[in-house]
1. Evaluate 2.2 N^0.38 Å with N set to the residue count of the chain, then give the Cα radius of gyration divided by it.
2. Based solely on its DSSP helices, what 222 nm [θ] is calculated for the chain when runs of n ≥ 4 H residues each add -39,500 (n - 2.57) and the sum is averaged over all residues, nearest 500 deg cm²/dmol?
3. Taking other Cβ within 10 Å of each residue's Cβ, how do C100, C44 sort, fewest first?
4. Run the quick spin-label model on I84 and D45: label points 7 Å from Cα toward the beta carbon, then report their separation in nm to one decimal.
5. Of the beta bridges DSSP finds with both residues in the chain, what % are antiparallel, to the nearest 5?
6. For the chain, give me every cysteine whose Cβ has no other Cys Cβ within less than 4.7 Å, ordered by residue number.
7. Which distance in nm do the two modelled labels at M111 and N99 give, with both placed 7 Å along the Cα-to-Cβ direction?
8. Tell me which GluC sites (Glu not before Pro) from the stretch 11-114 have a DSSP coil assignment and no more than 16 other beta carbons within 10 Å of their own.
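Each reported figure results from applying straightforward, stated rules to the coordinates on display, with no laboratory input. The model shown is predicted, which means the values in this text are computed figures rather than measured ones. Counting neighbours? That spans all protein chains shown, and the Cβs are built from the backbone with ideal geometry, glycine included.
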Amino acid sequence: MTLPEFISGWTQISNKDDFMFQLTEGDENEVVIVYFGQPNCIACDMVKEYMRTLPGRYPNAYMFQVPFGSPVTKDCMWANDVAIYPFVKVFKNFSKVQNCMGYVTGSGTNMIDDLIKRYYELIRITNL
């Protein structure tokens, strides 16, 4: 097992203000994907390579990682429900709906992909 190093292509968010800024200031059609990992997590190690591929596969989505132990997980209600790692949350049109579209816990890359596609495809269809 290894430490959950920062994932290339992902922005690091370590405080509540930055976290909320990313959710509320994005375009209403922008999908925001948030990844939470932790040290010594076998499942996190299993999804690490998959997570690195997401920015290339979903170039119009915004992706950020919240480092393990970050105050965000205590200070922000949209991140304080993370208890099982890895944990992926998907948000879309947050400034209007004020809700998380869905989340996946564990190393199920197909489930992560299905969740992202559900909201990302809506953006593509809308923009055609």
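1. Details: Rg = 13.7 Å, N = 128, 2.2 N^0.38 = 13.9 Å.
The chain yields a ratio of 0.98.
2. So the helix-based figure for the chain works out to -12000 deg cm²/dmol.
3. So the residues, fewest neighbours to most, are C100, C44.
4. Going by the 7 Å Cα→Cβ label model, 2.1 nm.
5. On the way: 11 of 18 bridges.
If I count the DSSP bridges inside the chain, around 60 percent turn out antiparallel.
6. Unpaired cysteines in the chain: C76, C100.
7. About 2.0 nm, to one decimal.
8. E25, E28
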